[in-house]
1. Can Ser314 be described as open to solvent by less than 50 Å² (accessible area, probe 1.4 Å), of a type outside the set (Phe, Trp, Tyr) and touching a residue at least 24 places away in the same chain (Cβ under 8 Å)?
2. Just to be sure, is Asp492 of a type in the set (Asp, Glu) and either within 28 Å of Asn367 (Cα to Cα) or open to solvent by less than 10 Å² (accessible area, probe 1.4 Å) (or both)?
3. I'd like to verify a number: residues in segment 176-202 that are within 15 Å of Ile134 (Cβ to Cβ) and aliphatic (A, V, I, L, M), how many?
4. Is one or more of the residues making up segment 237-257 on the phi > 0 side of the Ramachandran plot and in contact with a helix residue (DSSP H, G or I) (Cβ under 7 Å, 6 or more places away or on another chain)?
5. Being touching a residue at least 60 places away in the same chain (Cβ under 8 Å) and either more than 19 Å from Val471 (Cα to Cα) or surrounded by fewer than 18 Cβ atoms within 10 Å (Cβ to Cβ) (or both): is that true of Thr390 here?
6. Return the residues of segment 178-212 that are in a strand (DSSP E or B), among the aliphatic types (A, V, I, L, M) and either farther than 20 Å from Trp222 by Cβ or in contact with a helix residue (DSSP H, G or I) (Cβ under 9 Å, 6 or more places away or on another chain) (or both); say none if nothing qualifies.
7. Sort through Leu430, Leu354 and tell me the only one that's open to solvent by less than 20 Å² (accessible area, probe 1.4 Å), under 30 Å from Asp480 (Cβ atoms), touching a residue at least 12 places away in the same chain (Cβ under 8 Å) and touching a Phe, Trp or Tyr at 6+ places or on another chain (Cβ under 8 Å).
8. Tally the residues that are over 19 Å from Asp414 (Cα atoms), modelled with pLDDT of 95 or more and in contact with a Phe, Trp or Tyr (Cβ under 7 Å, 6 or more places away or on another chain), restricting the search to segment 292-312.
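The values are calculated or read from the model by the stated rules, or taken from the named source; none is laboratory data. All of these numbers come straight from a predicted model, not from anything done at the bench. Here the Cβ positions follow ideal geometry from the backbone for every residue, glycine too, while neighbour counts run over all protein chains shown. Ligands, DNA and RNA are stripped out before the accessible areas are found, and what is left, the full protein with its side chains, is counted by its heavy atoms. Shrake-Rupley method; radii C 1.70, N 1.55, O 1.52, S 1.80 Å.
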Amino acid sequence: MRITWRKWAVPVVAPALLATGCVGSDDAPAEPAGAASTSVARVCARTVPGPATAPAGAVTVDPAVVGDLAEKTRSSLPGTTFWLRPGKHRLEPGRYSQVVPKKGNRYLGAPGAVLDGRRTNQYAFGGAARDVTIRHLTVQGFVAPHNEGVVNHDSADGWVIEHAKIQYNSGAGLMAGARQRVRASCLRGNGQYGMNAYKAAGRIGGLVVEGNEITANNTDDWERRKPGCGCTGGVKFWEVDGADVRGNWVHDNRGAGLWADTNNNDFRIEDNVLEANDGAALIYETSYNAVIRKNTIRRNNRVEGRRYADRGDSFPYATVYLSEAGGEPRIRARTDKIEIYRNVLEDNWSGITLWENADRFCNSPANTSSGNCTLLVPRADRCARPGIATAPLYADCRWKTQRVEIHDNRFVLDKSAVGCTVKCDRMAVLANYGTYPDWSPYQGERVSRAITHQQHNRWYDNDYLGPWKFVAHDPSRVLDFGQWQVTPYQQDAGSTLDPRAGG
């Protein structure tokens, strides 16, 4: 027997986070009418305070002494604990003045402790030291350049950031290294990203992002400044191998909420609330093997989706967007597919789109992941004539949207709530007509046929409320529910649709 959506639709924060007292806020927005109460990580309004007195053995840092934190870090041994007194701490005024931790250092903020870059310093914490901890500290007012970050600027491994506020900085508030833990923190109002999970050398493994509030990032509106840069949103992930993203409240970001781009693998995205982001709630792009489950996804993509619709663009821009991303059993992970299930999507601009660009593959000029190849082919220059036209390179030189299962979700659409009449009601699986480059073996409808009929992409056992439409093969094929369910598409077996119930 299928479990009905009402038993599991609303995610809650993990008990460990509830025990900290970091959730709940008097000034959080009200739940929509008819929705069950949702516990989310409302930590920006109520971050857990740090110790009011210095822990035994800690080095005390004085906010009245400019540069005291950096100097005491330099003069202390690795593994030292630093306690920052209440007040506004400052670094020396040089552009590159920053704290360079030593291995195992711990930085604890007292209630009211703030490290302020005064719109002068670029970085707060940098260097290659491992296993650094930052707790109960507000970091603000730093001016990291585009694509760079303020905290853990050099993407060192093993850092722990808990009960922190990283806010109102330029660039990314936070970078990420392997085994990084970001918990119960507020990533708010940063110029580009709340967090940029990017490491210049090597992949990032074992990343945990749990119980955070990630809101109002990309204040500098980088997609407007650099059209098509793909460089904005709440969190961006690059080449992360193993990530747990759970119990977060990701809302009101300019651009996407969460965006995994280029050779990510083995993600679990669960129990989050993703809402009111200007773009998609979630983009999973040129990446592999993920579980996306038990998330509440509402009121996303209304700004960007409407913008494209107003231009007359027929592409089904969706709130969950898989672009050249799929399951691959040959790449080790906790799953060998992408499974999207037990989520509630409510009043977003469109639903889920599975897309594959026929012209995007390793060594193609149309590959926007410049210089990268798939995880199955280490060198892009191998993807050339004549070898690319035959096995195994014909298959392995592409990031393929394959082995995607979308089931036991609830899709609710009230067009009056979304404020649209057309193009906000799509569920889609499609590709473009391949044309480029002239030596491409993927020209014509080959990729459209493959993603639609041959790559094991399945919808089933879902509940649709509202006037949903379905797109298959290419943007011109808009289907009703009956056409979507029968040959040749045969999607959504066991699913139901009530076109009047969404409002």
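1. no
2. Answer is yes for this residue.
3. Of the residues in segment 176-202, 5 are within 15 Å of Ile134 (Cβ to Cβ) and aliphatic (A, V, I, L, M).
4. There is at least one residue in segment 237-257 that is on the phi > 0 side of the Ramachandran plot and in contact with a helix residue (DSSP H, G or I) (Cβ under 7 Å, 6 or more places away or on another chain).
5. It is false that Thr390 is touching a residue at least 60 places away in the same chain (Cβ under 8 Å) and either more than 19 Å from Val471 (Cα to Cα) or surrounded by fewer than 18 Cβ atoms within 10 Å (Cβ to Cβ) (or both).
6. Within segment 178-212, Val182, Ile204, Leu207, Val208, Val209 qualify.
7. Just a single option satisfies the conditions, and that option is Leu430.
8. 2
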